[in-house]
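Asks: Can you read through this structure? Questions will come right after.
The values are calculated or read from the model by the stated rules, or taken from the named source; none is laboratory data. Quick caveat, the model's predicted, so the values are computed rather than measured. Because the Cβ atoms are built from the backbone with ideal geometry, glycine has one as well, and the counts that use them run over all protein chains shown. Keep in mind that these areas ignore ligands, DNA and RNA; they rest on the heavy atoms of the full protein, side chains included. Shrake-Rupley method; radii C 1.70, N 1.55, O 1.52, S 1.80 Å.
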Amino acid sequence: TLVQTDKSGVALEGYDPVSYFTEGKPAKGAPTIEATFNGALYHFISQEHREIFEKAPTKYAPAYGGYCGYAASIGKVRPANPLLWSIVDGQLIVQHTKSAVELWEQDVTGNKAKADKLWPRLVEVKAGQKNPGDSLLGKSVLADVR
């Protein structure tokens, strides 16, 4: 697996993944209410949200391991900001910067299709690396994959 976490292993900088869907915005979860999925800890604003997440973690955990959706669409792994988000086809997608949001929004359907296609290969190449992020200007490690 390849999931963006902090040094404590917490995903989404502690934001409750369920809140994006139920509250329509990110809400900071409590460290005392947590669940683990794909090796990452998720925090929740309530026990109810934790239970919702545990019943369907793939529905609520962010796409692309919580890394930038736009970066994934161009074959890169970049950290993401949980406050730059959208829900596309029922999936939470977070982005690296406002510029990434703008590039993503130019072709949401096409970019998501590309990210969905490239993500399994990115996981294969990057999983287990201490710092899996790519440089902003560097060439995609998947440049030869189409």
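Asks: Relative contact order for the stretch 1-137: what is it in percent, counting Cα pairs under 8 Å that are at least 6 residues apart? Write down the numbers at each step before the final one.
Replies: Working: 258 pairs, mean separation 30.1, N = 137.
Reported relative contact order: 22 percent.
Asks: Sticking with this one: Using a 10 Å cut-off on Cβ atoms, rank the peptides 59-70, 118-129, 91-102 from the highest mean neighbour count down. Kindly include the intermediate steps, with their values, before the conclusion.
Replies: On the way: 59-70: 25.2, 118-129: 15.2, 91-102: 19.4.
Ranking, from highest mean packing down: 59-70, 91-102, 118-129.
Asks: With n ≥ 4 as the cut-off for DSSP H runs, can you work out [θ] at 222 nm for the chain, using -39500 (n - 2.57) per run divided by the number of residues, rounded to the nearest 500?
Replies: Numbers: 6 runs with 51 residues, N = 146.
My calculation for the chain gives -9500 deg cm²/dmol from helical runs alone.
Asks: Sticking with this one: With a probe of 1.4 Å, find how much accessible area the chain has per residue, and write the answer as a whole number in Å².
Replies: On the way: 7690 Å² over 146 residues.
Ligands and nucleic acids excluded, the figure is 53 Å² per residue.
Asks: Another question about this same structure. How much of the DSSP bridge set in the stretch 2-146 is antiparallel, in percent, rounded to the nearest 5?
Replies: 90 percent
Asks: Among (i) 25, 16, 13; (ii) 33, 15, 12; (iii) 29, 22, 12, find the value of semi-axes √(5λ) of the Cα gyration tensor in Å that was calculated from the structure presented, and write down its label.
Replies: Checked against the structure: label (i).
Asks: Find which of Ala72, Phe44, Ala30 sits farthest along the positive direction of the dipole of the chain, computed with +1 on the beta-carbon of Lys and Arg, -1 on that of Asp and Glu, about the Cα centre.
Replies: Value: Ala72.
Asks: From the cross-link list Lys55/Lys112; Lys55/Lys76; Lys7/Lys76; Lys7/Lys126; Lys7/Lys55; Lys25/Lys130, which pairs have alpha carbons spaced over 28 Å apart? Don't skip to the end; give the middle numbers.
Replies: On the way: Lys55/Lys112 25 Å; Lys55/Lys76 30 Å; Lys7/Lys76 21 Å; Lys7/Lys126 18 Å; Lys7/Lys55 26 Å; Lys25/Lys130 30 Å.
Exceeds cut-off: Lys55/Lys76; Lys25/Lys130.
Asks: What's the magnitude of the charge dipole for the chain around its Cα centre, counting Lys and Arg as +1 and Asp and Glu as -1 at the beta-carbon? Answer in Debye, nearest 20.
Replies: The dipole magnitude comes to about 460 debye.
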